[in-house]
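Here's the structure we're looking at; comments come further down.
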Amino acid sequence: MVSETPPLQPIRPAYHVRILGDDQLDQLTGGTLEILDEVGVHCPSEKALCIYAEHGARVDFEKQTVRIPPAVVKEFMSHAPRSYRMGARSPAHDIQLDGKALYCATDGCGIETIDFTTRQRRSSTKEDVARMARVADYLSSIGFYWPIVSAQDFPENAPLHELEAAFNNTVKHIQTETVMGEETARYAVEMARLIAGEDVTMRLRPPLSLLVCCISPLALDKDGLESALVFAGAGLPVGFMSMATTALTAPATLAGTVVIGEAEIVSALVLIQMAVPGAPVFHSFMPGVMHPRTGGYLSSSREGSLFYPVGAEMAHRWGVPTLAGVFGTDAQVPGWESASEAASSLMLCALAGAETGSGLGLLESCTLLYPESILLDDDLYQRVRMEAAGLEVNPEMLALDVIKAVGPRGSFLKHRHTRDNLRRRLYSDLTGQPDAHGRLRSVVEVARDKLNWILKNHQPQPLEAAQQLEFNHILAAADHQRGGIS
C-alpha cells in the first residue's frame, strides 16, 4: 500500500556565524585567481578545451592545460545564478536554494553494506539503493537523495540502474555523483525528462542534478566535464567538488588546501557558464587530511571540520549555492566517533548559510553502509535543526503569569500551561527507550528496529506504469550499447 511521504524539515537558522573575515576571503579569492591565471588546470577533454579557448582562456592543446585570466573568471562567474529550485517528483518536496535553509542528502557511492538481514559485510547492490531510497523518502531530514551505494550487480551501467532504483522509491529530488561521460549523461537526461514530463518543466523544476569530482591537484575529469555539459545544456543543475587532501594533493596548510580546491572547482564552473550562460551550478568543497603517520586519508579531523563551512563561504563569495560536507566520518561502526565528527560540521555549515549538504548514512570515509546509521544521523540532524532554530521568546513562552500563579515551592505539573506546552517539547525516539524489563535499550538496536519498521510499512508513490516502461527501455538500450549486465 502506498504511503504518504512526510514533509521536509530543513534546518532554518535563526542566527548566523562568519568563519572568515572579508580580508581573509579576499586573500583566498585572490590566491585562487592567481593560480588559475599563472598555473592553470589540466583538462583532457578536447570539447572542453575548445570551449575554454573560444571564450578567452589560454589553452595549450598539446599539454591539455588551461589558464584563465582573472577578468575572464569574473565575467563568466557573474552569469551563474545565486539561487534556483531543485524539483522533485512531488512538488511539495521541491527545494529552493536561496540561503534561507539547509537541505541535506544521504551520503553516496558506497561500495559495501552490512547486510540488512544477515549482518554480514558484502558488496552493495541495486536493491540496497532502492531500500535506502525508501528510508530516505520517509525521513524528514533528507531533502534529496544520493544513491547511497553503488549497484555493483549492474557493473556496466550502474549509474543508470541506481537512478531507476532511486526514482522508483522516493518522490524527492535525486542527485547523482556517478553519471560520467556524454553517452551515459544523455540516458540520464532522458530519465529526468520522463519524470518532468516536458522540457519546460524540467528547466523550472529539474528533478535530477549532477555532482562531478575534480582530480587533485589542479586537474579536471574528461568524462565528468562532458557529462556536466550535457546536463547543463538540458537545464539540469551541475556542481563540482574538490576533495584535495592536505599534505598529499594539496599544501600542508588549510589555507593552501582551500586555494587549490577553489581553483579546481571554479575552473569547472567557469566552463559551464562559458558553454551555457546562466546554467544552474553549485560549488562543493569536501577535502581530506593525510594522516602524518600512516599516509591514510581522513575525511574528518580536528582542524578539518573548518573546511566545510569555509567552503560554503567561498561558494557565496563566487555567487553560487553550495553543497557542504556534513556527517562525513572515518568511523568503522556507528557510535561516539561518527557522532562527534558529524555534529560540529553540520551546525557550522548550517550557521554559515549552506544551502545543501550531504553525508548521512555512510561510515569508513563514505564507503560502508550500516543501514541503521542513517537513523542515528537523522536523530543528530533533528537536534541541530532545533538548536539552530534559536529560542522562541514571547509572552506565552515567558509564562510570567504561570510563574506568579504557582509561586515559591509550588508545582507546575498541575497547571494547564504545563499540560499544553509539554506536548510541544520534542524528544528523540531513539534514546531513553526501555525494553520489556524496564532497562534502557541500545540506541543502535532501537535504530535498527526503526529502520526495519520503515522498510516494512513505508511505500512511496512508485513511477507510473508508462514511466516505468520507458525507464526499462532506456536501461535496456544502455545495457545493450555498453555490453549487457552481469
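Some points to look at:
- DSSP beta bridges in the chain [antiparallel fraction, %, rounded to 5]: 35
- Region 49-98 - Kirkwood radius from inverse mean 1/r over Cα pairs (Å): 13.6
- Cα point-scatterer Debye curve for the chain, base-10 log of I(q)/I(0) at q = 0.07 Å⁻¹: -0.38
- Reach of K100 by Cα under 20 Å, taken over lysines that are not fewer than 8 positions away in the same chain: K172
- Simple point charges give the picture: +1 on the Cβ of Lys and Arg, -1 on the Cβ of Asp and Glu, and for region 6-100 a dipole about the Cα centre of about 600 debye.
- Computed label-point distance, nm, for sites E46 and T294 using a 7 Å Cα→Cβ extension: 4.4
- Database remark: amide H of L362 closer than 5 angstrom to the amide H of D107 (H placed geometrically; neighbours at sequence offset of 5 or more, or on other chains; Pro and chain starts carry no H).
- Computing Rg and the Kirkwood Rh from the Cα coordinates of region 361-407 gives a ratio, Rg/Rh, of 1.39.
- Phi to ³J(HN,Hα) by Karplus 6.51 cos²θ - 1.76 cosθ + 1.60 over region 204-215, Hz, x for Gly, Pro: 7, 9, x, x, 9, 9, 10, 10, 10, 8, 7, 10
- Put simply, region 299-419 fits an ellipsoid with semi-axes of 38, 20, 11 Å; these come from the alpha carbon gyration tensor as the roots of five times its eigenvalues, largest first.
- Whichever lysines have a C-alpha closer than 30 Å to that of K414, once near sequence neighbours (fewer than 8 apart) are set aside: K404
- Table column - 3J(HN,Hα) (Hz), region 130-140, Karplus curve with 6.51, -1.76, 1.60, x for Gly and Pro: 5, 4, 6, 5, 5, 5, 4, 4, 6, 7, 6
- Whole-angstrom gap from region 19-38 to region 61-78, using each part's C-alpha centre: 16
- Under-5 Å amide H pairs with F282, H placed in peptide plane, nonlocal only: V238, G239, F240
- In plain terms, if you count all Cα to Cα distances in region 178-278 and split them into 5 Å steps from zero, the share in each step is 2, 14, 22, 19, 16, 11, 8, 5, 2, 1 percent.
- Highest average packing first - 150-161, 322-333, 249-260, 350-361, Cβ atoms within 10 Å: 350-361, 322-333, 150-161, 249-260
- Note that region 76-116 shows a convex hull volume over its alpha carbon atoms of 153 Å³ per residue.
- Charge dipole (region 252-384, unit charges on Cβ, about Cα centre) - positive-most of L368, L348, P280: P280
- Converting phi to 3J(HN,Hα) with the Karplus coefficients 6.51, -1.76 and 1.60 and the offset θ = phi - 60°, region 452-464 yields 4, 5, 4, 5, 7, 10, 9, 10, x, 4, x, 4, 5 Hz in sequence order, with x at every glycine or proline.
- For region 1-130: Kirkwood Rh in Å [reciprocal of mean 1/r, alpha carbons]: 20.0
- For T125, the residues 5 or more places off, or on other chains, whose built amide H falls under 5 Å of its own are Q152.
- Diffusion of region 189-232 by Stokes-Einstein, at 4 °C in a medium of 1.567 mPa s and with Rh set to the Kirkwood radius over alpha-carbon pairs, works out to 111 µm²/s.
- Label-to-label distance, Q96 versus V17, with points set 7 angstrom from Cα along the beta-carbon direction: 2.7 nm.
- Fully extended contour minus Cα-Cα distance, from Q24 to H417, at 0.36 nm per residue: 136.5 nm
- Electrostatic dipole magnitude of region 348-396 [Cβ: Lys, Arg +1; Asp, Glu -1; Cα centre; debye, to 20]: 120
- Relative compactness, region 317-379, computed as alpha-carbon Rg over 2.2 N^0.38 Å: 1.15
- 0 to 90° range, to nearest 10: angle between helix 222-233 axis and the chain longest Cα axis: 70
- Computed [θ] at 222 nm, helices only, for the chain once each DSSP H run of length n ≥ 4 contributes -39500 (n - 2.57): -13500 deg cm²/dmol
- Take the Kirkwood radius over Cα pairs of region 224-305, plug it into Stokes-Einstein at 4 °C and 1.567 mPa s, and you get 95 µm²/s for translational diffusion.
- Here region 243-347 is treated as an ellipsoid with the same Cα gyration tensor; its semi-axes, largest first and in whole Å, are 27, 16, 11.
- Dipole magnitude (debye, nearest 20) for the chain, charges at Cβ of Lys, Arg, Asp, Glu: 1880
- Remark on region 76-182: hydrodynamic radius 14.8 angstrom, per the Kirkwood mean of 1/r across alpha carbon pairs.
- Span from the region 205-260 Cα centroid across to the region 373-404 one, whole angstrom: 37
- Ranked packing of 460-466, 267-273, 73-79, 124-130, most packed first, by mean Cβ within 10 Å: 267-273, 124-130, 73-79, 460-466
A short reminder: the numbers here are calculations on the coordinates, not readings from a lab. These numbers come from a predicted model, not from an experiment. Glycine also receives a Cβ, built like all others from the backbone with ideal geometry; neighbour counts cover every protein chain displayed.
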